[in-house]
There are 4 protein chains.
Amino acid sequence: MSATTPVRLALIGGGPGSFIGPVHRMAAELDGRMKLVAGVFSRNADKSRRAGEAYGIARERSYGDIDALIAGERARADGVDLIAIATPNNSHFAIARSVLEAGFDVISDKPATATLDEAIALRRIVQATGRRYGITYTYSGYAMAREARELVRSGRLGAIRKVVAEYSQGWLAQPVEREGNQQAAWRSDPLAAGAGGCIADIGVHAFHLAEFVSGQLVSRIYADLASVVAGRVLDDDCQLLLRFSGGARGVLLASQIAAGDRNGLRIRVWGERGGLDWRQEQPDQLIVNWSDAPSQVFHAGSSYLSEPAQRARRLPAGHPEGFIEALANLYRDYAEAIRCGAPLDQDRIPGIEAGVRGLGFVAGALAANRTGSWHQLNGLELET
Amino acid sequence: MSATTPVRLALIGGGPGSFIGPVHRMAAELDGRMKLVAGVFSRNADKSRRAGEAYGIARERSYGDIDALIAGERARADGVDLIAIATPNNSHFAIARSVLEAGFDVISDKPATATLDEAIALRRIVQATGRRYGITYTYSGYAMAREARELVRSGRLGAIRKVVAEYSQGWLAQPVEREGNQQAAWRSDPLAAGAGGCIADIGVHAFHLAEFVSGQLVSRIYADLASVVAGRVLDDDCQLLLRFSGGARGVLLASQIAAGDRNGLRIRVWGERGGLDWRQEQPDQLIVNWSDAPSQVFHAGSSYLSEPAQRARRLPAGHPEGFIEALANLYRDYAEAIRCGAPLDQDRIPGIEAGVRGLGFVAGALAANRTGSWHQLNGLELET
Amino acid sequence: MSATTPVRLALIGGGPGSFIGPVHRMAAELDGRMKLVAGVFSRNADKSRRAGEAYGIARERSYGDIDALIAGERARADGVDLIAIATPNNSHFAIARSVLEAGFDVISDKPATATLDEAIALRRIVQATGRRYGITYTYSGYAMAREARELVRSGRLGAIRKVVAEYSQGWLAQPVEREGNQQAAWRSDPLAAGAGGCIADIGVHAFHLAEFVSGQLVSRIYADLASVVAGRVLDDDCQLLLRFSGGARGVLLASQIAAGDRNGLRIRVWGERGGLDWRQEQPDQLIVNWSDAPSQVFHAGSSYLSEPAQRARRLPAGHPEGFIEALANLYRDYAEAIRCGAPLDQDRIPGIEAGVRGLGFVAGALAANRTGSWHQLNGLELET
Amino acid sequence: MSATTPVRLALIGGGPGSFIGPVHRMAAELDGRMKLVAGVFSRNADKSRRAGEAYGIARERSYGDIDALIAGERARADGVDLIAIATPNNSHFAIARSVLEAGFDVISDKPATATLDEAIALRRIVQATGRRYGITYTYSGYAMAREARELVRSGRLGAIRKVVAEYSQGWLAQPVEREGNQQAAWRSDPLAAGAGGCIADIGVHAFHLAEFVSGQLVSRIYADLASVVAGRVLDDDCQLLLRFSGGARGVLLASQIAAGDRNGLRIRVWGERGGLDWRQEQPDQLIVNWSDAPSQVFHAGSSYLSEPAQRARRLPAGHPEGFIEALANLYRDYAEAIRCGAPLDQDRIPGIEAGVRGLGFVAGALAANRTGSWHQLNGLELET
């Protein structure tokens, strides 16, 4: 592939009215290394075609189902390289399996699948097919989330002792799923979302970030999940206690009934000598507090930052980048791997391992909550 | 008592080198309604006298022990009205008992006593003697903590669903108790501090504020306490899950090993329609987020605030007040009750009930942590 | 033009190593309504071609000069619709003239031209040719800058009395133009930048925003400009006093030697009843302080915002958008005007009038500074 | 004087209903080194006595005029040492003269006098009498304002180039002086306040802080003053351009019609390598931005701070101190000077030189505003 031909992308899901579809397109194309050229935007072929038109996709490349997409794109000399999955959780596994086995690379919305068993099965498929598989833990794409990880790696904080990850939203504080909100409807329906509600929708983001930044894996979970809004089946408010592989302890809070909160993802990690604090709603700043020195504020786009943080940023300091750019960082690195014929660098793009861990976390949280006891996050590692 | 004669105060503890002694004097005298005139600042009568001199106390009113204080002050026509207890936790009970039974009113540092049994016993003594008893939950003295409570009471947030209370310090991130830090030494010594470390030292503040602001009582606790610094016997990092009497759920985090953190007390309370957020390190602001309207920032000293918030403030908006003024609010209201011959208004000055609840919380947290199960906060109410 | 065919864009300037070139491409293409298909990226045709390749542009559409671009694109059925000018200031006029007269629409970096005379001449050309002309006052594209303007328009602040606009950068605190920094080199060279340094580079942004948000025009200027860094010819630090057409008074500060500052653009506007405060480095928030009510914080992406603010935003509240999205808002509205065959809505895309005013401001500031007296911003309006 | 006998203080002004009277008492007595024992709180002896009672002052030491105070206190063995002046500006000079000549030390509210001539005359009196004279530039008493000065002195910012001082209030945005607001009434009455309104009331604070922190003296002023509220005689909104003795340039903004602002005093100072930023409404933080390193946040009460900052603080980091404590820092150092028989350290307590400079600034601003030209701040230095 030429260095300047964009990687060809198909999108499954993300049709009209969805929030995430246009975001995928914008992020994928932002850096000019990828191009959305095909998709399945609805099970109704006509609707799919019309949606595709809004994306500027040729009529014949907007398909009504996955099989048609696979067949159509395999038949083309300029068929897509990569398939993005942006459907409700319960379909992730089947779609990913189909397209991987058909020889395409995949980038999937989180959670990787609807259940842990599916995730483990998907891992085998990824291995068997040898295709690339990435997962859009978008928040890990922010420059300063990466700086946070590098700060931990540098050892400057000392051994990590304590992690607090929070993800606080308020948009489900009322039963909007029964008032016509489509986003809310599938997320609160076990058939579409799986057994986890808030825990699977945003809890996994906080979980991923906690492991991503701390450099430790969660080994044990105690979970207190609730369905606060009357009539809701799935959890909408989650409070968890954590143990990490490296000895740290932690807390993970995820809520979608925190009325008035917007998208309050925050990660704090403390070591022996200081602690870091990063908030997604002010993503260009990383605050570091020290035991015996002034606090520091690291600004995205600055030349004093680590290479991974500089790489994940387009503009000089003081020019805000946001959510789209964070997701674009994942797409950009994915495109480069494809262009170079290289495997995905898990340091840059979370892969199926992160996917399995996310589902392990959801399953563990549900089990811990059900039994009222600590749950061991065992058996997630690949058996060899 | 004349409306302009200051209430006469004795201080027990708070001798040279202590942080809290001078704070008590400054706060008590700030509004001109109280005067520190006697005290026991050391068990060594000479040292006590020298410390008293630094406070401007007459030589003969700096005593070497409680009995001498009681005898001396009872013998004077101008003997003290109120006795403040600022000693390590393990002595609170005995001192409070002695001085209450000797007919003095008491204002005590938290926790009220070293154990729950002591606290319950002290409650009986308070009742039996009919003396006033207040406890310095200083943070509840801040104007905007009171505004927060009034906001909840107003019902504007709707029914309260969720509470997150955090108290995060870093000064015990290293074993400073073995390096000559006196404050750290007694706090990490079970003989002086009681069975709780961080949970009793600062956890109780977060607990009190959670109940104070939310207007609900904690009914059940799950606790995960740890001694993170090697060699430390008492807990220094606490993560707890909570259930409240009114149905809310919550989390309480207290840590003294959060390296780099200063005095990070923060309370967040969410109702059906919005949530409030108050941080002690920026005490003049109360942030309220709404589901469907711009966020609001309430500023201390403003004329639009509730009466309790206005009462707890001396200066117009934009003129910061701090920790000393917050404690002074408790002392001022205490002085007024004495002057008027009225009982303490528990809405303004936490009393022995709050003291019992605090020890109940510590005992419950220790029990829950030991047993690995939820602990019911039962039996704290006064039997009648 | 079909509703889904992207508008075709050429870019002049913004070649390899430039900051602004890739930003134009990303912003123009972000919403899928425009596509960069041609350009002049260097005076050297080979270099231009190589740069074009990096943008994914067909070899034959990367030209070595404007005339070639015009000739080439006019000859194509699929020739460009719009030409973006991202060259140093001194070339803006000549390029704009050529391409307007050749029948293309223009979107130009600020300042519109290098001198006021040029700007006035350009206005005549825009009128004569009947082509669209827009100018990238990017900061006015932010959702919350637009909300600020709407708030003023709503009258809720009362009559506007006071405006403070600041733009504070530190990147020229050292003579980096003599140390190989290309961005700094042309900006501090009068031959490339024109007679104004900081005042023309960033002062015009603050000026535009002051008029944009306050809804008043600057009528008089007093200016105190300096070249702080030894050896620098053009101004690098500017402090100005302002009078507005509606009676407001104001201050405009612009500096490129404010060491440590990043991109500190901030606008504050006070009326009789309250004041607003918007900072580009935290663009998703608009703070409004009221005389007799709690402050408010408006969050971008919220449903309670004005239509112009909602229109200028892709993501729900809590998902940060940044500088690229702000510029994309201008490009998106430009694309729509082209698609609809409508003139540019000056409310959404600053046009040549804003360009003339910007150069009038620069000329006025230089004159006021030279004479040490207030300068009237007269004669900028179109004579009819 | 014994090391523990409090310095005896009399207060002139600050009677019932005043804001500043109780603040003086609280601040003076906060650290136990001073005691308010006498005063003139009204020209009506009866009213003065009743006010004195509220302060806990003996009936015979609440006087109806200055002469009576002087006579009464000189006649006592325990007469006052120090007299605080908290009356409207126009009386400062006469009172200060009387009490200095009567042999008392003085601490005066700003501005030192109502006119520059008076201030210069007062300087001669201070010299002639050899008494101590201090002025309550309260904001310079904050720990972090002092840290800011020390940072400049340390040279770490490099040569100072730029100063922006702002003081923004909104309480005079409406003509409250005609609606019964006493504070507003005398401040907007030239007979009571002098020729300067906002410039003399709060402009002098910003001016003092600018010189205090930057370590440079203002040498030239350009002023743009206005009476924004209809019917107001004195200025209520001030924008000034400054030149400093050390070559720095600057801006000073002071407003009392910035509706919604509370007490927005802020000072920013930039040197060659970085800039500092301190805001009175968040006084415990000092932010420092660096050209090539992360920003720093210095926290009051930290052990890494300079000696002057540590000295000006009672509590450990994270325990807010406020306005009263800032003023108390001045009183404490004043008390210590009296106790030691030492002159005032101008580094800690602004003296008559700062007073003369303040009036020179007001006179210069008024002259510059009247003439529309730059005014030299000459002749303020003591002729020798």
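Read-outs: derived from the displayed coordinates by stated rules, not from any lab. Keep in mind it's a predicted model, so treat the numbers as computed, not measured. So basically every Cβ, Gly included, is an ideal-geometry build from the backbone, and we count neighbours across all protein chains shown.
Rounded if a/c is under 1.5, else prolate if a/b beats b/c, else oblate: with a ≥ b ≥ c from the C-alpha gyration tensor eigenvalues square-rooted, which is the range B:112-187? Oblate shape, in that a/c is at least 1.5 and b/c is the bigger or equal ratio. Computed from backbone phi, the HN-Hα couplings of the range D:234-239 come to 7, 5, 10, 8, 10, 10 Hz, rounded to whole numbers (Karplus: 6.51 cos²θ - 1.76 cosθ + 1.60, θ = phi - 60°; Gly and Pro given as x).
Residue by residue, the range A:222-229 carries 3J(HN,Hα) couplings of 10, 10, 10, 10, 9, 9, 6, 6 Hz when phi is fed to the Karplus relation 6.51 cos²θ - 1.76 cosθ + 1.60 (θ = phi - 60°); x denotes Gly or Pro.
Only the Cβ atoms of Lys and Arg (+1) and of Asp and Glu (-1) were treated as charged; on that basis the dipole of chain B about its Cα centre amounts to roughly 320 debye. Once the Cα-Cα distance is subtracted from the 0.36 nm per residue extended length, the A:ASP78 to A:ARG59 segment shows a gain of 5.3 nm. Each copy carries a label point for A:GLY155 at 7 Å from Cα toward Cβ; from one copy, the others' points are 3.5, 6.1, 6.8 nm away, ordered from shortest. Overall, the protein assembly as shown carries a charge dipole of about 0 debye about its Cα centre when +1 sits on the Cβ of Lys and Arg and -1 on the Cβ of Asp and Glu, all other atoms neutral.
Distances between placed amide hydrogens fall under 5 Å for D:TYR63 paired with D:GLY39, D:VAL40, D:PHE41, all partners being 5 or more residues away or on another chain. Highest mean packing comes first when the peptides D:144-157, D:362-375, C:134-147 are listed by Cβ atoms within 10 Å, giving C:134-147, D:144-157, D:362-375. Projecting 7 Å from Cα along the Cα-to-Cβ direction, the label point of A:ASN378 sits 3.4, 8.9, 9.0 nm from its equivalents in the other copies, listed shortest first.
Averaging over all projection directions, find the projected area of the Cα convex hull of chain B and quote it in nm² with one decimal place. Averaged projected area of chain B's Cα convex hull equals 18.9 nm².
Under 5 Å from the amide H of C:LEU377 lie the amide H atoms of C:ARG220, C:ILE221, each residue being 5 or more positions distant or on a separate chain, with H modelled from the backbone and absent for Pro and chain starts. Using θ = phi - 60° in the Karplus curve 6.51 cos²θ - 1.76 cosθ + 1.60, the 3J(HN,Hα) couplings for the range C:100-115 round to 4, 5, 7, x, 9, 7, 10, 10, 10, 5, 7, x, 3, 9, 8, 9 Hz; x is entered for Gly and Pro.
Under the classification rounded if a/c is under 1.5, otherwise prolate if a/b is larger than b/c and oblate if not, where does the range D:256-384 fall, given a ≥ b ≥ c as square roots of the Cα gyration tensor eigenvalues? It comes out oblate by the Cα gyration axes.
Candidate cross-link partners of B:LYS35 among the lysines, defined by an alpha-carbon separation under 18 Å and a same-chain spacing of 8 or more, comprise D:LYS35. D:ALA68 label point (Cα plus 7 Å toward Cβ) to equivalent points in the other copies: 4.6, 9.6, 10.0 nm, shortest first. Among A:GLY170, A:GLY351, A:GLY14, determine the one that fluctuates most according to a GNM of chain A built with springs between C-alpha atoms less than 10 Å apart. Highest fluctuation among the options: A:GLY170.
Any idea what log10 I(q)/I(0) is at q = 0.08 Å⁻¹ for the protein assembly as shown, Debye with uniform C-alpha scatterers and no solvent? Each listed q corresponds, in turn, to -1.09. With a Förster radius of 41 Å applied to the C-beta separation of C:ARG156 and A:ASP345, the computed FRET efficiency comes to 0.20. The alpha carbon convex hull volume per residue for the range B:166-304 rounds to 129 Å³.
Where chain B is carried onto chain D by rotation, the Cβ closest to that axis, with its residue and distance in Å, is B:GLY322, 2.
Taking all Cα pairs closer than 8 Å and separated by 6 or more residues, the relative contact order of chain C comes to 19 percent.
As a calculated quantity, the FRET efficiency between A:ALA45 and C:ARG279 at R0 = 35 Å, using C-beta atoms, amounts to about 0.15. Taking the helices alone, chain B has a mean residue ellipticity at 222 nm of -10000 deg cm²/dmol, built from -39,500 (n - 2.57) per DSSP H run of at least 4 residues and averaged over all its residues. Which of rounded, prolate or oblate describes the range D:322-384 when judged by the alpha-carbon gyration tensor and an a/c cut-off of 1.5? In terms of gyration-tensor shape, oblate.
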